[in-house]
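Have a look at the structure below, then the notes.
The values are calculated or read from the model by the stated rules, or taken from the named source; none is laboratory data. Note that this is a predicted model, so its numbers are computed, not measured. All Cβ positions, glycine included, derive from the backbone under ideal geometry; neighbour counts span all protein chains shown. Side chains are part of the model used for accessible areas, which takes the heavy atoms of the whole protein and leaves out ligands, DNA and RNA. Shrake-Rupley method; radii C 1.70, N 1.55, O 1.52, S 1.80 Å.
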Amino acid sequence: MSTVAPLQDADEFWLFGYGSLIWKPPPHFDRRIPGFITGYVRRFWQASQDHRGTPEAPGRVVTLIEKSYWNQLKDHHDSAPERVWGVAYRIVPERVAEVKDYLDIREINGYTIHYTPFHPAAGVDPATLPTQVPISTLVYIGTPENDQFVGPEDPRRVVDVIFHSHGPSGPNPDYLFGLEKALDELSAESGDEHVTDLSNRLREMMAARRVPTPGPHPAPGPPQEHHFRRASSVDEQEETEKTS
Ligand code: BEZ
């Protein structure tokens with residue numbers, strides 16, 4: 001893992017999203033590219049006190065675990081895909097400084113900034129990519145040292161916490177189902193069994209309690225121009241209170 005941004009085309013700044021960023025893009029992007037990173041495992045191991053839960057009742061959101069570290073742990077989900085699928089966003093060059101300022105603010109929520117190579121999915125138009133591929137992307141990771149890192153938990157416990165959690169960004173179940181749907185839409189191979197298993201367990205729990213399954217996505221935002229598929233909303237950021 002590196003915390004130093006490698007050299008890349010001048011003015012190019014790319015951000016990798018593997019959680020809510022997949023369906024809630026950052027401000028001021030002009031390209032959204034599906035693809036993957038390697039060397040990490042995505043897990044619902046980060047407590048959320050400020051978005052999908054509260055300090056009194058934290059929810060659960062995803063973080064990335066370095067694969068070499070994860071290999072040493074005992075995890076109820078004992079396998080993980082080689083690739084962590086998500087999306088890379090290119091920030092428009094004239095807004096890079098502003099977006100970097102905004103991203104520095106986001107860092108305080110337990111996640112820290114790292115850089116990792118991103119591999120575009122097969123079939124992405126090469127004209128939309130920088131000269132150097134893989135692309136160096138900034139990624140947020142809640143590392144094991146951060147206070148909100150939970151670590152391995154029984155999936156029944158994770159789902160129970162998610163079922164009962166709600167924060168300023170909405171119900172925690174919407175986050176889980178939103179992630180499952182967003183991953184399914186990226187590519188034929190972008191499913192993540194950890195996410196799917198938790199989603200299936202949550203659906204079972206909700207059905208048993210006769211709770212309707214919530215829609216996974218917020219209402220679409222206003223139409224915008226993007227080079228790639230438009231994501232659901234740029235208006236409703238995961239951290240709405242910090243963008244205005
Ligand atoms: C993500 O989607 O990659 C993400 C969003 C918020 C915090 C950390 C990661």
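For the range 63-78, residues that are within 14 Å of Pro144 (Cα to Cα) and either among the charged types (D, E, K, R) or buried (at least 22 other Cβ atoms within 10 Å of the Cβ) (or both) total 5. For the range 163-183, the tally of residues that are within 16 Å of the ligand (Cβ to nearest atom), modelled with pLDDT of 95 or more and either closer than 20 Å to Ile65 by Cα or not small (Gly, Ala, Ser) (or both) stands at 9.
Quick check, is Lys74 more than 16 Å from the ligand (Cβ to nearest atom) and either part of a loop (DSSP other than H, G, I, E, B) or at pLDDT 95 or above (or both)? In short, yes. Answer yes if at least one residue in the range 47-55 is in a strand (DSSP E or B), open to solvent by less than 30 Å² (accessible area, probe 1.4 Å) and in contact with a His (Cβ under 8 Å, 6 or more places away or on another chain), and no otherwise. No, because not a single residue in the range 47-55 is in a strand (DSSP E or B), open to solvent by less than 30 Å² (accessible area, probe 1.4 Å) and in contact with a His (Cβ under 8 Å, 6 or more places away or on another chain).
Candidates in the range 152-206 are the residues that are assigned to a helix (DSSP H, G or I) and among the acidic types (Asp, Glu); of these, the one that is farthest from Ser20 (Cα to Cα) is Glu204.
When the range 123-148 is limited to residues that are more than 19 Å from Asp11 (Cβ to Cβ) and surrounded by 16 or more Cβ atoms within 10 Å (Cβ to Cβ), the one that is farthest from the chain's Cα centre (by Cα) turns out to be Val124. Against the conditions (1) open to solvent by less than 40 Å² (accessible area, probe 1.4 Å); (2) in contact with a Gly (Cβ under 7 Å, 6 or more places away or on another chain); (3) near the ligand (Cβ under 10 Å from one of its atoms), Pro120 satisfies every one except (3). If you take the residues of the range 46-58 that are of a type in the set (Gly, Ala, Ser) and more than 15 Å from Asp154 (Cα to Cα), which of them is farthest from the ligand (Cβ to nearest atom)? Ranking the candidates gives Ala57 first. Of the listed requirements (1) modelled with pLDDT under 90; (2) within 11 Å of the ligand (Cβ to nearest atom); (3) not aromatic (Phe, Trp, Tyr), Ser2 misses just one: (2).
Going through Glu145, Glu204, Glu180 one at a time, which residue ends up being free of Cβ contacts under 8 Å to residues at least 24 places away in the same chain and closer than 22 Å to His51 by Cβ?
Details: Glu204 fails: closer than 22 Å to His51 by Cβ; Glu180 fails: free of Cβ contacts under 8 Å to residues at least 24 places away in the same chain.
Answer to the check: Glu145.
Scanning the range 187-208 for residues that are open to solvent by less than 20 Å² (accessible area, probe 1.4 Å) and not β-branched (Val, Ile, Thr) yields a total of 7. Pairing each residue of the range 13-33 that is closer than 16 Å to Thr128 by Cβ and open to solvent by 20 Å² or more (accessible area, probe 1.4 Å) with any residue that is more than 10 Å from the ligand (Cβ to nearest atom) and among the polar types (S, T, N, Q), provided the two are 6+ apart or on different chains, yields C-beta distances under 8 Å for Arg31/Thr128.
Is it the case that Tyr89 is within 15 Å of the ligand (Cβ to nearest atom), touching a Lys or Arg at 6+ places or on another chain (Cβ under 7 Å) and farther than 21 Å from Ala47 by Cα? Criteria met by Tyr89.
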